[in-house]
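Taking it in order: structure first as structure tokens, then the write-up.
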Amino acid sequence: MLSLSFSFFSFALQVLYCTKNRMGILKMRILVLLLIVLMVSIVNGDENESFKKKPTIVKTVKGVKMCVKDWECNKLSRFCCNLTITDYLDTYQFELLFAKRNTPVAHAVDFWDYDSFIKAAALFQPLGFGTTGGKKMQMKEVAAFFGHVGSKTSCGYGVATGGPLAWGLCYNKEMSPSKDYCDDYFKLTYPCTPGARYYGRGALPIYWNYNYGAIGEALKLNLLDHPEYIEQNATMAFQAAIWRWMNSVKKGQPSAHDAFVGNWKPTKNDTLSNRLPGFGTTMNILYGDSVCGQGDIDGMNNIISHYQYYLDLMGVGREEAGPHEVLTCGDQKAFNPTAAPTAAS
């Protein structure tokens, strides 16, 4: 249609040129302007049509309403009947959340972007990532995920321009790794590839050969042989981070997603260990006693501050973060104490 529009415009100009001696210059100019307006309207119509989302497919499976929403939530799922992430988070908001990531002093300039995040999230939205519950819960989960990401990839400091919380996604890898992070204990399941280095990379940094191997298996990416993929491809980096958010460290323990959105029901032992559904327990799951069970420490507070900051910028408000016992993990016992290393450490 676009090529036809230009062909028509070209033909019309030729006709006008041939007849210019038989009409006034003013009339000819008016006709040219009208033709331009017509062509622009046709082109814009084509563009709007090409970006238009396909209608939602709705089916009932065993009495449960299930949906498919175009490319963004493209597997039949009850979660796809809810809003999807692009319904409440756009490019402008993403830029606002991570305002300083592309400044000259950042260490991953032009690496992270909105499109990479949305493409990565599309794998997990049918599973409930950013699509569980109503709009407020959906936005809170994305803010919570970003709270961890922003804290772990920040190069902000106390007097940094824009404040220390504006510098999330400043890094995409460990800058000066002290070792290769190869653990021979896993040589039968996730053997280290000669020459490969398994230092921290990604939005929720991955360390060690066994973590690269497990995440690579899950995402069907050869990360054991090519851990560098995570620092070369932002979509893969976000996929790995969301996978960590959506999956538990050990069988019988909750994922960060389940602990946050309320899918997880604490056992008696969890309650005695002060582990409650909410943001605090997501820190316990992801970092254990390196952050939790140590009282009011800076490492924990930094993650919480990023979460609250993103809640404010997304229009939810930090007052929705919950009470102290839900928001923090300073009094929680770790699911997996350091004395018993886990595949998420």
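The values are calculated or read from the model by the stated rules, or taken from the named source; none is laboratory data. As the structure is a prediction and not an experimental result, all values here were calculated from the model. Cβ sites come from the backbone with ideal geometry, for glycine too, and all protein chains shown count toward neighbours. Surface accessibility is based on the protein's heavy atoms, side chains included, excluding ligands, DNA and RNA. Shrake-Rupley method; radii C 1.70, N 1.55, O 1.52, S 1.80 Å.
The table for this structure:
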item	result
Carbon/sulfur fraction of accessible area - region 266-338, other protein chains in place, 1.4 Å, %	50 percent
Most to least packed among 87-93, 139-145, 330-336, 260-266 [average Cβ atoms within 10 Å]	139-145, 330-336, 260-266, 87-93
At R0 = 22 Å, FRET efficiency that the Cβ-Cβ distance of residue 161 and residue 296 yields, to 0.05	0.20
Net length gained if the chain between residue 272 and residue 70 were fully extended (0.36 nm per residue, minus Cα distance)	68.3 nm
Cβ-defined net charge surrounding residue 257, 13 Å radius [Lys, Arg +1; Asp, Glu -1]	0
Length released on extending from residue 331 to residue 109, taking residue separation times 0.36 nm less the Cα-Cα span	76.1 nm
For region 173-233, size of Cβ-based charge dipole, Lys and Arg +1, Asp and Glu -1, in debye	60 debye
Rounded percent of accessible protein surface that carbon and sulfur make up, region 173-233, 1.4 Å probe	50 percent
Given 119/220; 75/220; 65/140; 54/251; 152/220; 62/265, the pairs whose alpha carbons are separated by over 27 Å	54/251
Around residue 227: net Lys/Arg minus Asp/Glu count, Cβ-Cβ under 9 Å	-1
For region 173-233: accessible area per residue (Å², 1.4 Å)	53 Å²
